[in-house]
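> The following block contains the structure, expressed as structure tokens.
Where a number appears in this text, it was derived from the coordinates with a stated rule and is not lab data. Just so it is clear, the model here is predicted, and its values are computed rather than measured. Note that we place each Cβ from the backbone using ideal geometry, even for glycine, and neighbour counts take in every protein chain shown.
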Amino acid sequence: MKRVLVDTNIIINFGRGDTDILLKLVEIQERREIELYVNDIVVGEYFAGLEMRSIKRYMWARDMFNSFFSFFEIDSEVAIKAGVMVAKNEIPILTDAIIASTCIINNLQLVTADVKHFNRIQGLKLFDLAKIS
């Protein structure tokens, strides 16, 4: 079974009503062809952009994460690799580097709507969205 880390932008798009990609990923997961993951950065980025004045929206988002995804915590190996990637100019944004290093270290594919943010990173496997469209 393929293990796939879902980037924040896919989840943000879902929350904004663009449900196609995430729902298709969940369907594939229900067929046990893939397993969907997030890490602490994805969760943090999502909640940082969420309108927190609405307790209903907060509860919905929390339930969505707990229902759809397994979690990878960020450890020192992931943090060090991310720092090295930023230092080598493979990727300019530390949060994106942490997402990428989580994938590389844990042998996950990354599904993202922002391929250009990640396409220079050696060893990172991107999940082909064309396969589910």
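> Could you work out how far helix 40-49 tilts from the main Cα principal axis of the chain, as a 0 to 90 degree angle to the nearest 10?
On a 0 to 90 degree scale, this one is about 50.
> Report, by chain and number, residues whose modeled amide H sits under 5 Å from the one on K125, excluding near sequence neighbours (fewer than 5 apart, same chain).
L110
> Got the relative contact order for the chain handy, in percent, Cα pairs under 8 Å and 6 or more residues apart?
Values: 177 pairs, mean separation 40.2, N = 133.
Relative contact order, the chain: 30 percent.
> Ok, one more. Using the Cα centre as the reference, give the magnitude of the dipole from point charges on the C-beta atoms of the chain (Lys, Arg: +1; Asp, Glu: -1; all else neutral), rounded to the nearest 20 debye. Before the final figure, lay out the partial values.
On the way: 16 positive and 18 negative charges, 30 e Å.
In total the dipole reaches around 140 debye.
> Mind listing which trypsin sites (Lys or Arg not before Pro) in region 90-133 are in a DSSP loop and have 16 or fewer other Cβ atoms within 10 Å?
Values: sites: K116, R120, K125, K131; in loops: R120.
For trypsin sites (Lys or Arg not before Pro) across region 90-133 that sit outside H, G, I, E and B with at most 16 neighbouring Cβ atoms in 10 Å, the list reads R120.
> Between 0 and 90 degrees, rounded to the nearest ten: what's the tilt of helix 94-106 against the longest Cα principal axis of the chain?
For 94-106 against the chain, the angle is about 80 degrees.
> Taking Cα atoms, how many degrees apart are the long axis of helix 20-30 and the longest axis of the chain, rounded to 10 and kept between 0 and 90?
90 degrees
> Where in region 5-67 are there trypsin sites (Lys or Arg not before Pro) that are in a DSSP coil and have at most 13 other Cβ atoms within 10 angstrom of their Cβ?
R16, R31, R32, R53
> Once you list every other residue whose beta carbon is under 12 Å from the beta carbon of A97, what net charge do they have if Lys and Arg are +1 and Asp and Glu are -1? Working shown, then result.
Details: positive: K81, K88, R120; negative: E90, D96.
Once all neighbours under 12 Å are counted, the net charge is +1.
> To the nearest 0.05, how large is the calculated FRET efficiency for Q122 and S70 if R₀ is 30 Å and r is the Cβ-Cβ distance?
Numbers: r = 26 Å, r/R0 = 0.85.
Between Q122 and S70 the formula returns 0.70.
> So which GluC sites (Glu not before Pro) in region 1-62 pass both tests, a DSSP loop state and at most 14 other Cβ atoms within 10 Å of the Cβ? Present the calculation step by step, with values, prior to reporting the outcome.
Working: sites: E27, E30, E33, E35, E45, E51; in loops: E33, E51.
Counting only loop positions with at most 14 other Cβ atoms within 10 Å, the GluC sites (Glu not before Pro) in region 1-62 are E33, E51.
> Does region 25-133 come out rounded, prolate or oblate, given a ≥ b ≥ c as the square roots of the eigenvalues of its C-alpha gyration tensor, rounded meaning a/c under 1.5 and, failing that, prolate meaning a/b above b/c?
Note, shape of region 25-133 comes out oblate.
> Where both partners of a DSSP beta bridge lie in the chain, what percent of those bridges are antiparallel, to the nearest 5? Mind dumping the intermediate values first?
On the way: 0 of 12 bridges.
Taking every DSSP beta bridge with both residues in the chain, the antiparallel ones total about 0 percent.
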